[in-house]
Amino acid sequence: MGIPERLWGVLRDRGYESIEEMARRETLRLKREVKARTLYSWMTDDPRYHREPWKPESLRLVSLITDTSMAELLDSDGTPATTA
């Protein structure tokens, strides 16, 4: 399962009604800033939202949000799993 699918699963499973709500609630839960625009860029292929190259800190944040180890977020070649 790719990172976008995992994040959409969190949104659905935790009952968030929007990416903005997810960003607010995860910011409170994790006690670190989670921006809605950043989440959206990770969750969509929309070209209007430029996806920054994955950094270790970004993967760590996705790991915390999804309750998934960083190793599970990587493909077999060590790159971030961005597709299913």
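The values are calculated or read from the model by the stated rules, or taken from the named source; none is laboratory data. Not measured: the values here are computed from a predicted model. Note that we place each Cβ from the backbone using ideal geometry, even for glycine, and neighbour counts take in every protein chain shown.
Spot the failing condition for E21; the list is (1) at pLDDT below 90; (2) outside any loop (DSSP other than H, G, I, E, B), and only one is missed.
That leaves (1) as the condition not met.
In the stretch 24-54, how many residues are within 18 Å of G2 (Cα to Cα) and in a helix (DSSP H, G or I)?
Total satisfying the criteria: 6.
Only residues that are surrounded by 10 or more Cβ atoms within 10 Å (Cβ to Cβ), of a type outside the set (A, V, I, L, M, F, W, C), closer than 21 Å to R12 by Cβ and at pLDDT 90 or above: list them for the stretch 52-82, please.
Scanning the stretch 52-82 gives S63, T66, T68, E72.
Of everything in the stretch 13-51 that's loosely packed, with under 10 Cβ neighbours inside 10 Å and closer than 18 Å to T83 by Cα, which residue is farthest from the chain's Cα centre (by Cα)?
P47
Is one or more of the residues making up the stretch 55-66 part of a loop (DSSP other than H, G, I, E, B) and within 12 Å of the chain's Cα centre (by Cα)?
no
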